[in-house]
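Below is one structure; the comments refer to it alone.
The values are calculated or read from the model by the stated rules, or taken from the named source; none is laboratory data. Every value quoted in this text rests on a predicted model; they were computed, and no experiment measured them. So basically every Cβ, Gly included, is an ideal-geometry build from the backbone, and we count neighbours across all protein chains shown.
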Amino acid sequence: MEIVKKAQAGSFESSDVLVLIEPVEKGTGRKIEVDSAVQRQYGDQILTIIQESLDEYEVNDIHLVFNDKGAIDTVIKARLETAIKRASNAQKGTMY
Amino acid sequence: MLYIPGNNPAMLLHGGVYGADSLLLDLEDAVALNQKDAARILVRNMLKTVDYYGAEVCVRVNHLDTPFGMDDLNEIVPLQPNAIRYPKTETIEELDRLVQVITEIEDRHGLPHDKMKIHIMIETALGVQNVFEIAKFCKRVDAITIGGQDLTADMNIKNTKDGAGIDLARKMIVMAAKANKIDAIDTVFVDVDNEEDLRIETQYIKELGFNGKAVINPRQIDIVHEVFTPTEEEIRKAYRIIKEFNRNKALGIGVFAVDGKMVDAPVLTRANYVLELAGVDSDAI
């Protein structure tokens, strides 16, 4: 999927995560910024989930800001999927 | 039945720990229009991974007449929660379309047609008028619920504390459900700090014949459970009735008395229901 616009998903609520995405020049690669209260314990795991999600949706060029408030893996994956689909205009069944 | 907003990770994660018999993961009114996609994806993921400790899990989808209903069903039906709750149902034609859509999705995924149930919400005057036909439409419909907030809005009346405006609707819905041997679930009580009136309303709807009540805050669960759970005295009496029935049956006696009152078939039916609610196996008495 190609990231064509800015998008976000999630929130700053406890057990949630706010994912912000914006497009970058083709060939730039993945620029990922992670901020998490549990970064010391789970930082590597979080980064792996992000990379796996980007692999799944074949996103190669992206600027992604990840602000975690203690979300579990299931929530992280849901918010990443939502943000990626929104940013690539692939989301269905919603209103803006 | 505890309502859980579909876009709230914390509540979706912890919904099972409060002891509700049933959980409603809501993609409809509890989700803002611009977050429908996020809630749908989140609930889908949660259904795959979260342990709800044996509680019945229902998902309230959006109506097929909205831009969200079809996508909700496409994401949720393959996961086969215990039930899909369908809002604002007014006619059997709408229900027929819903069943067709669900069946098509199940066929695409090689799923059976008889596992996941359908709970119908009656939330308009037209729905109330058609509730009997809706309740008997198919075996997948195993519960009817009343949506008090939307119904009062549809009727353009105030939602008063005594529920006078929706009283007839409540009674029609209970009667339709009972006539078709399915459950009737009452609407939410929105004043979460008013526990006294919640208890009064729950007692009233229990007497009408509802099998349960929806709640919007975990604090309300215990009160609803207290009202619906038989008292020790009721359980002991039901136990004595069934015990006496079994003893008299062995002697070939059809009608007998317990505590000076005649016991006949309806009394036995009620006694069995009390024991069922109390978790007592009446066959073992």
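Quick look at the values:
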{"quantity": "Sole exception among (1) out of contact with any helix residue (DSSP H, G or I) (no Cβ under 7 Å at 6 or more places or on another chain); (2) crowded, with 17+ Cβ neighbours inside 10 Å for residue B:231, by number", "calculated": "(2)"}
{"quantity": "Among residues of segment A:1-55, those that are within 14 Å of chain B (Cβ to nearest Cβ) and among the hydroxyl-bearing types (Ser, Thr, Tyr), counted", "calculated": "4"}
{"quantity": "Filter result for the condition that a residue is within 14 Å of chain A (Cβ to nearest Cβ), buried (at least 21 other Cβ atoms within 10 Å of the Cβ) and not in a strand (DSSP E or B), over B:34, B:45", "calculated": "B:45"}
{"quantity": "Among the candidates B:199, B:140, residue that is assigned by TED's automatic domain parsing to the domain that holds residue B:28 and over 17 Å from residue B:86 (Cα atoms)", "calculated": "B:199"}
{"quantity": "Qualifying residue in segment A:57-76 (condition: away from chain B (no Cβ under 12 Å), part of a helix (DSSP H, G or I) and within 25 Å of residue B:74 (Cα to Cα))", "calculated": "no"}
{"quantity": "Qualifying residue in segment B:167-188 (condition: surrounded by fewer than 18 Cβ atoms within 10 Å (Cβ to Cβ) and modelled with pLDDT under 95)", "calculated": "no"}
{"quantity": "Residue in segment B:12-22 that is outside any helix (DSSP H, G or I) and over 22 Å from residue B:146 (Cα atoms) present", "calculated": "yes"}
{"quantity": "Scope segment B:48-84; condition of a type in the set (S, T, N, Q) and within 13 Å of chain A (Cβ to nearest Cβ); matching residues", "calculated": "B:49, B:62, B:66, B:74"}
{"quantity": "In segment B:104-144, the residues that are surrounded by fewer than 20 Cβ atoms within 10 Å (Cβ to Cβ) and among the aliphatic types (A, V, I, L, M)", "calculated": "B:105, B:111, B:125, B:126"}
{"quantity": "Residues located in segment A:77-89, provided they are more than 10 Å from chain B (Cβ to nearest Cβ) and of a type outside the set (Ser, Thr, Tyr)", "calculated": "A:84, A:87, A:89"}
